[in-house]
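Undergrad: A single structure is presented below for examination.
Any read-out appearing in this document is the output of simple, stated calculations on the displayed coordinates, not a laboratory observation. Just so it is clear, the model here is predicted, and its values are computed rather than measured. Neighbour counts run over all protein chains shown; Cβ positions are idealised from the backbone, glycine included.
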Amino acid sequence: MIRLLVGILVVVINVIYAKRPYPRFYVLETVARVPYFSYLSVLHLYETLGWWRQADRLKIHFAESWNELHHLLIMESLGGSNFWADRVLARATALVYYWIIAGLYVVSPKSAYHFMELVEEHAYVSYDKFLKEEAEMLKTQPAPEVAIQYYTDGDLYMFDAFQTSEVVEVRRPAIENLYDVFVAIRDDEMEHVKTMHACQGPLDLKAVASPRKVAAVEVPTSGELVGDL
Ligand SMILES: [Fe+2]
Ligand SMILES: [Fe+2]
């Protein structure tokens, strides 16, 4: 079922949008952000009911959605959402995926994370292919203002917070042109893959914790594990 869900998404994105990269990435970013909202909704529900408190996961998933939001804003600034049919398709698909992933997260958090690991992996491969095919053109184009703001002057705390793999040094992408923007987005996608992979392991907060956690106040967790984590 997981592979079917990802497969449908890949067909929509790769076949229908074969020759329109920015609308394709706009749809991808609209839909790929939604599972993080699903995780947040379910985690909020568990916490409200007093069943389970996982403040770190709430923070990480929100930071992931914040990163994907900026990918979306970049695609919008490149004209990816100009055609109304693309907006309708993206939002309708996002709506369906929200409920599917929310239900899946209730039943099996591990499967819901695995789904997202595959989606993020697909995003990484798509951007990597695009970079190789369009490198010369992209290097002649200016970086959108929203990208410069996000990667250099923006809320870098939030930028760091979604990257939970072993951080040797903090990533600070240099943004000179549109090529650099797509390199940064591609590398973000790989960080999401690693985070989604780590989330499927045992509930070890050291394994799934943002690099900023060391400086943060420890938030106690409580409750029994839910689902198959
Ligand atoms: Fe993205
Ligand atoms: Fe992504």
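Undergrad: Using θ = phi - 60° and the Karplus form 6.51 cos²θ - 1.76 cosθ + 1.60, what ³J(HN,Hα) does each residue of segment 172-181 get, whole Hz, x for Gly and Pro?
TA: Values, residue by residue: 9, x, 8, 10, 9, 8, 5, 4, 4, 5 Hz.
Undergrad: Write down, largest first, the equivalent ellipsoid semi-axes of segment 120-163 in whole Å, where each equals the square root of 5 times an eigenvalue of the alpha-carbon gyration tensor.
TA: Values for segment 120-163, descending: 23, 17, 6 Å.
Undergrad: Continuing with the same structure: Please give the contour-minus-distance gain from residue 149 to residue 45: 0.36 nm per residue of separation, less the Cα-Cα distance, rounded to one decimal in nm.
TA: 34.1 nm
Undergrad: Using just the alpha carbons, could you tell me how many Å³ per residue the convex hull of the chain encloses?
TA: Spread over its residues, the Cα hull of the chain gives 119 Å³ apiece.
Undergrad: With the calculation restricted to Cα positions, what are the radius of gyration and Dmax of segment 91-141 in angstrom?
TA: According to the Cα coordinates of segment 91-141, Rg and Dmax are 15.8, 48 Å.
Undergrad: Using +1 on the beta carbon of Lys and Arg, -1 on that of Asp and Glu, and nothing else charged, what's the dipole of the chain about the Cα centre, debye to 20?
TA: 540
Undergrad: Please express the Cα-Cα pair-distance distribution P(r) of segment 64-192 as a list of whole percents, one per 5 Å bin, running from 0 to the bin with the greatest distance.
TA: Going from the shortest bin to the longest, the percentages are 2, 9, 16, 21, 20, 16, 10, 4, 1, 0.
Undergrad: Using per-residue counts of other Cβ atoms within 10 Å, averaged over each peptide, order 99-108, 26-35 from highest down.
TA: Packing order, densest peptide first, comes out as 26-35, 99-108.
Undergrad: Can you show me the helix-derived [θ] at 222 nm for the chain, built from DSSP H runs with n ≥ 4 at -39,500 (n - 2.57) apiece and divided by the number of residues, rounded to the nearest 500.
TA: Roughly -22000 deg cm²/dmol at 222 nm, from the helical runs in the chain.
Undergrad: Now for a different question. Residue 24: net charge of surrounding residues, Cβ under 12 Å, Lys/Arg +1, Asp/Glu -1, itself excluded?
TA: Cβ neighbours under 12 Å give a net charge of +1.
Undergrad: Quick one: what do you get for segment 8-111 if you divide its Cα Rg by 2.2 N^0.38 Å?
TA: The reported ratio for this selection is 1.18.
Undergrad: Can you pick out the pairs among 19/129; 139/194; 59/194 whose Cα atoms lie more than 18 Å from each other?
TA: Over 18 Å Cα-Cα: 139/194.
Undergrad: Using every Cα-Cα pair within segment 63-131, state what percent have a distance larger than 18 Å.
TA: The calculated P(r) of segment 63-131 puts 53 percent of pairs beyond 18 Å.
Undergrad: Please list the non-local residues whose amide H lies under 5 Å from the amide H of residue 52, H modeled 1.01 Å from N, same-chain partners needing a gap of 5 or more.
TA: 47
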